[in-house]
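The values are calculated or read from the model by the stated rules, or taken from the named source; none is laboratory data. Computed from a predicted structure; not experimentally measured. As a convention, Cβ positions derive from the backbone with ideal geometry for all residues, glycine included, and neighbour counts pool all protein chains shown. Heavy atoms of the whole protein, side chains included, go into the accessibility calculation; ligands, DNA and RNA do not. Shrake-Rupley method; radii C 1.70, N 1.55, O 1.52, S 1.80 Å.
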Amino acid sequence: MTFRTAGAYRAARSTRSSPAADGPTGGAGRRAGPLIVTEDLALLDDLLRLCAAAGAEPEVHHTVPERRASWAEAPLVLVGEDAAARCRGAARRQGVILVGRDRHGLDDPLRDPLGDGPLGDPDVWRRAVEIGADCVLRLPDAESWLVDRIADAAEGAGKQALTVGVIGGRGGAGASTLACALALAGARTGRRTLLVDGDPLGGGLDVLLGGERAEGRRWPDFVASKGRVAGGALEESLPSVRGLRVLSWDRGDAVVVPPEAMRSVLAAARRRGGIVVVDLPRRIDAAVNEALAQLDLGLLVVPGELRAVAAAHRVASLAGAVLRDLRAVVRGPYAPGLDDQWVADTLGLPLAGELPDDPGLLAALDAGAPPGGEASGPLGRFCAAFWERALVTEDAP
C-alpha cells in the first residue's frame with residue numbers, strides 16, 4: 001500500500017493518489033477514504049497521517065478534481081484553508097470540512113475550546129460558507145475527532161453489531177464451549193460474525209475451533225492499541241476460521257490487555273454490524289469491565305449444582321454492576337430439587353435457556369470437531385434458537 005507523501009505530492013500534485021486504482025477498498029485492507037484538497041504540504045502530511053490512523057486511503061488533489069465523481073462520491077472532503085478559494089463553485093454536498101493548522105497557539109483566547117475554528121476570524125467562516133463546509137477544524141486540537149469522522153465516513157456508520165458476552169458461573173462451566181457454538185451458529189445465519197477471546201488463560205478459542213494454525217493477528221498484536229482502531233482493518237487482519245473471524249491468543253507467554261486496548265478493539269469489532277461474541281473470564285478486572293460495558297447482552301453459564309450457584313452469585317454481582325442485561329444459561333445434570341428456573345430465580349436473573357445435554361460433545365471435541373459445529377446437534381439447535389429470538393428483537397424497526 002502506498003499513499004502520497006508531501007515529497008511525492010511536489011512531483012505530481014494534480015494527480016490522484018495511487019489507492020484509487022485499487023477500487024473501493026483500497027490496498028492492503030484499507031478502505032476508500034476522503035478526498036483531500038490542499039497544496040499546504042505540512043497540512044497534507046498531517047491529514048495523510050490521520051487517514052492512516054483511520055485505516056482509510058485518501059485521494060489527493062490541489063484543486064477540485066476534473067472528474068466530478070471524485071468530489072461528489074468521496075465519503076468525506078477535506079479542504080485545506082489554502083485551497084478554499086479554488087473550491088468555490090464546486091457542487092454543494094454534505095461532508096465537506098475546511099481544515100487548517102493552528103497558527104495561534106493553544107492558549108489563544110479567540111480559539112474555540114472544542115477545536116471548531118478560531119472564533120475571531122470571520123474570513124475563515126466566510127470561506128467555509130462559500131464552499132458549503134459543514135464545519136471548520138484546526139489541527140492538532142481536532143485530530144481525535146477528525147480520525148473518528150474519517151473512519152466513520154470510510155467504513156460507513158451503520159448499525160453496530162449485536163454483541164453477546166459469555167461468562168462462566170464457575171470454572172469449567174462451559175462458557176468457552178458456548179461462546180464458540182454461538183459464534184458458529186451466528187455465522188450460519190449469514191451475518192458477519194466475529195468471536196473475541198477475552199480470557200488469556202483459557203487456552204485459546206482458535207484451538208477449540210481447530211484454527212490455531214490459521215494465519216492472522218492475535219491479541220499480542222493489539223495490546224498497544226489506543227484511540228480509534230479501524231473496523232475493516234481489524235477484521236481483515238484476523239484469522240478466518242469456519243466462516244467467522246477470531247481474535248484469540250498466540251502460544252507465547254501470557255499478555256495483559258490494557259483496558260484502553262480492550263475498549264478500542266471491541267469498539268472496532270462492533271462498528272461494522274452483524275454479530276460479535278465475547279468469551280470472558282470469571283475474574284473482573286479493568287479490561288473485562290471495558291468489555292462488559294460494550295455488551296448488549298451477557299450470558300452467565302451455570303451448572304445445576306449448589307456450589308456452582310453460590311459461585312455464580314458472586315460473578316453475577318460483579319458483572320451485573322456494569323452489564324445491564326445479564327441472563328442465566330443453566331446446564332444440567334441437576335442436583336436433587338434443582339431445575340433451570342430455580343437456578344435463575346436464586347441468582348435473580350432472567351432465564352435465557354437450558355443448555356441441553358450433549359453426550360457426544362466431549363468425544364467430538366477430542367476428535368477435533370468444534371463445539372456446535374453441527375447445526376442439527378443439541379448445542380447447534382440451542383444456539384440457533386437463541387439467535388432466532390435475539391435477532392428478531394435486534395432487527396425490529
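Anything in segment 181-212 that is surrounded by fewer than 20 Cβ atoms within 10 Å (Cβ to Cβ) and outside any loop (DSSP other than H, G, I, E, B)? List them, or say none. R188, V207 - these are the residues of segment 181-212 that are surrounded by fewer than 20 Cβ atoms within 10 Å (Cβ to Cβ) and outside any loop (DSSP other than H, G, I, E, B). When segment 64-101 is filtered for residues that are open to solvent by 40 Å² or more (accessible area, probe 1.4 Å) and within 26 Å of P122 (Cα to Cα), the ones remaining, listed by number, are V64, D82, A85, R86, R88, G89, A91, R92, R93, Q94, R101.
Can you name the residue in segment 253-263 that is at pLDDT 90 or above and more than 16 Å from D279 (Cβ to Cβ) and is also least open to solvent (accessible area, probe 1.4 Å) among such residues? I'd like the intermediate steps shown before the answer.
The first filter runs over segment 253-263 and keeps only residues at pLDDT 90 or above, leaving 257-263.
Narrowing the set further to residues that are more than 16 Å from D279 (Cβ to Cβ) leaves 258-261, 263.
Values: P258: 42, P259: 39, E260: 75, A261: 0, R263: 103 Å².
Among residues in segment 253-263 that are at pLDDT 90 or above and more than 16 Å from D279 (Cβ to Cβ), the one least open to solvent (accessible area, probe 1.4 Å) is A261.
Among the residues making up segment 43-63, those that are aliphatic (A, V, I, L, M), in contact with a helix residue (DSSP H, G or I) (Cβ under 9 Å, 6 or more places away or on another chain) and modelled with pLDDT under 95 are L50, A53, A54, A56. For segment 356-373, the count of residues that are open to solvent by 50 Å² or more (accessible area, probe 1.4 Å) and under 27 Å from L266 (Cα atoms) is zero. Annotation note: Cβ proximity below 6 Å between a residue of segment 352-379 that is outside any strand (DSSP E or B) and a residue that is modelled with pLDDT under 90 and not small (G, A, S) (sequence gap 6+ or interchain) occurs for P378/P356; P378/D358; L379/D358. You will find that of R245, R228, R282, R263, the residue that is within 19 Å of G165 (Cβ to Cβ), under 10 Å from the mean Cα position of the chain (by Cα) and basic (K, R) is R263 and no other.
Taking the stated definitions as given, is G337 in contact (Cβ under 8 Å) with a residue 60 or more places away in the chain, out of contact with any strand residue (DSSP E or B) (no Cβ under 9 Å at 6 or more places or on another chain) and in a loop (DSSP other than H, G, I, E, B)? So G337 fails the test. Looking across V301, V277, one residue alone is closer than 28 Å to A54 by Cβ and open to solvent by less than 10 Å² (accessible area, probe 1.4 Å). It is V277.
Condition test on L347, is it in contact with a helix residue (DSSP H, G or I) (Cβ under 6 Å, 6 or more places away or on another chain) and open to solvent by 40 Å² or more (accessible area, probe 1.4 Å)? Talk me through it step by step, then tell me what you get.
Working: in contact with a helix residue (DSSP H, G or I) (Cβ under 6 Å, 6 or more places away or on another chain): yes; open to solvent by 40 Å² or more (accessible area, probe 1.4 Å): no.
Judged against the criteria, L347 is not a match.
For segment 213-235, state whether one or more residues are surrounded by fewer than 18 Cβ atoms within 10 Å (Cβ to Cβ) and outside any loop (DSSP other than H, G, I, E, B). Yes, that holds for at least one residue. When the criteria are applied in full, R327 fails the requirement of being assigned to a loop (DSSP other than H, G, I, E, B), in contact with a strand residue (DSSP E or B) (Cβ under 8 Å, 6 or more places away or on another chain), under 19 Å from G174 (Cβ atoms) and not acidic (D, E).
Got at least one residue in segment 109-129 being touching an Asp or Glu at 6+ places or on another chain (Cβ under 9 Å), farther than 30 Å from V329 by Cα, modelled with pLDDT of 75 or more and of a type in the set (D, E, K, R)? Checked segment 109-129: at least one residue is touching an Asp or Glu at 6+ places or on another chain (Cβ under 9 Å), farther than 30 Å from V329 by Cα, modelled with pLDDT of 75 or more and of a type in the set (D, E, K, R).
Scanning segment 41-57 for residues that are closer than 13 Å to L139 by Cα and open to solvent by 40 Å² or more (accessible area, probe 1.4 Å) returns A42, D45, R49. I'd like to know if segment 155-168 contains one or more residues that are part of a helix (DSSP H, G or I), within 22 Å of A291 (Cα to Cα) and at pLDDT 95 or above. So far as segment 155-168 goes, no, none of its residues is part of a helix (DSSP H, G or I), within 22 Å of A291 (Cα to Cα) and at pLDDT 95 or above. Can you name every residue in segment 155-180 that is among the hydrophobic types (A, V, I, L, M, F, W, C) and open to solvent by less than 20 Å² (accessible area, probe 1.4 Å)? Of everything in segment 155-180, those that are among the hydrophobic types (A, V, I, L, M, F, W, C) and open to solvent by less than 20 Å² (accessible area, probe 1.4 Å) turn out to be A161, L162, V164, V166, I167, A173, A175, L178, A179, C180.
Among residues of segment 238-252 being among the small types (G, A, S) and open to solvent by 30 Å² or more (accessible area, probe 1.4 Å), the one that is farthest from A56 (Cα to Cα) is G252.
Filtering segment 285-298 down to residues that are among the hydrophobic types (A, V, I, L, M, F, W, C) and either open to solvent by less than 10 Å² (accessible area, probe 1.4 Å) or part of a helix (DSSP H, G or I) (or both), which residue is farthest from V166 (Cα to Cα)?
Only one residue fits best here, namely A286.
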